[in-house]
Amino acid sequence: MIKLVASDLDGTLLLNGAQSLPEEVFPLIRKLKENKILFVAASGRQYPNMRRLFAPVLEDMAFICENGAMAVENGRVLYQDQFDPVLAREIAEAIYEKEGAEFSWAAKDYYYIMPKTQHYLKLMTEVVKTDSKVISSFDEITEPCMKLAVYEREGVQEDSIRYWKERFSDRCTVVTSGVAWVDFIPFGTNKARGLREYQKRLGIRPEECVVFGDEYNDIEMIKSTPYSFAMKHAKQGVREAASYIAERVEPVLEELIRRKGNIEEVLRHVQ
């Protein structure tokens, strides 16, 4: 029987660039809780942003934030990973120096950003609606870093991914996190780490979990349970890592509720 569902957001629950959740998601989360199934939002997004997205159901769910660098349940931080400060500064400066690249430095309560363009400033503060602190110097950064991200407006191309991996993958994990983003996170930090925290706290086994994802930052989480779904549009490597394919998350959640967590019955009706 399934006791926990973890889902990525962008490209998974949030489709086609959406910045707000479908209204049908909220009653599904409540019904999952009624059936003693914990819903966990697992994203590269920051916690304040995720809180706003899930405002109607905050007491009915839990969070894995910043690609697994932090987990939060009922407003309480369960753990928080941190980058080596020297390496974090080096990565941020490298991103800022690269033409066409913008950075975000994830602290616990907000992002540090130093926008080169109005487009990036508007994206972060008005479109994605992150809690961001605009700085004019790296010396203004005083909070520890959980995750760094590079944004490239035209989309991250293969040569750019290769550039960042060749430069930093020997010192941290470098992973795509959407069409226009590459994330840098400490070794050992990933969404599966957050999933294991909830499994340990609640006495839940991997085979009692269902996960959903679409990007390479979901790979570890997808591989951590036999009941993993990649979105139909996911990259090939992500689809190959998953056990099942889904066009949308919501129909699977509906079946989980209908079948009261019996995953074998669910699979008969969604495949």
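Values for this structure:
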quantity	calculated
From Glu215, Glu197, residue being within 17 Å of Gln82 (Cα to Cα) and in contact (Cβ under 8 Å) with a residue 60 or more places away in the chain	Glu197
Glu73 vs. criteria among the charged types (D, E, K, R), within 17 Å of Ile204 (Cβ to Cβ) and in contact with a strand residue (DSSP E or B) (Cβ under 6 Å, 6 or more places away or on another chain)	yes
Residue within region 53-68 that is under 23 Å from Glu220 (Cβ atoms), small (Gly, Ala, Ser) and either touching a residue at least 40 places away in the same chain (Cβ under 8 Å) or in contact with an Asp or Glu (Cβ under 9 Å, 6 or more places away or on another chain) (or both) present	yes
Qualifying residue in region 53-71 (condition: open to solvent by 50 Å² or more (accessible area, probe 1.4 Å), touching a Phe, Trp or Tyr at 6+ places or on another chain (Cβ under 8 Å) and in a helix (DSSP H, G or I))	yes
Selection status of Phe39, open to solvent by less than 30 Å² (accessible area, probe 1.4 Å) and within 30 Å of Arg258 (Cα to Cα)	yes
Contacts under 7 angstrom Cβ, first residue in region 161-179 being in contact (Cβ under 8 Å) with a residue 24 or more places away in the chain, partner open to solvent by 30 Å² or more (accessible area, probe 1.4 Å) and part of a strand (DSSP E or B), 6 or more apart	Gly178/Asp10
Residue within region 16-36 that is open to solvent by less than 10 Å² (accessible area, probe 1.4 Å), of a type outside the set (A, V, I, L, M) and not in a loop (DSSP other than H, G, I, E, B) present	no
Residue, most open to solvent (accessible area, probe 1.4 Å), within region 180-197, restricted to residues that are in contact with a strand residue (DSSP E or B) (Cβ under 6 Å, 6 or more places away or on another chain) and in a helix (DSSP H, G or I)	Glu197
Filtered residues of region 205-221 (kept if among the hydrophobic types (A, V, I, L, M, F, W, C) and open to solvent by 20 Å² or more (accessible area, probe 1.4 Å))	Ile219
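Residue by residue, here is whether (1) under 30 Å from Val86 (Cβ atoms); (2) touching a His at 6+ places or on another chain (Cβ under 8 Å) holds:
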{"position": "Tyr163", "(1), (2)": "yes, no"}
{"position": "Phe187", "(1), (2)": "yes, no"}
{"position": "Val211", "(1), (2)": "no, no"}
{"position": "Lys223", "(1), (2)": "no, no"}
{"position": "Phe229", "(1), (2)": "no, no"}
{"position": "Arg259", "(1), (2)": "no, yes"}
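The values are calculated or read from the model by the stated rules, or taken from the named source; none is laboratory data. If you're wondering where the values come from, they're calculated on a predicted model, not measured in any experiment. Positions of Cβ are generated from backbone atoms using ideal geometry, with glycine treated the same way; all protein chains shown enter the neighbour counts. These accessible areas exclude ligands, DNA and RNA; they are computed on the full protein's heavy atoms, side chains included. Shrake-Rupley method; radii C 1.70, N 1.55, O 1.52, S 1.80 Å.
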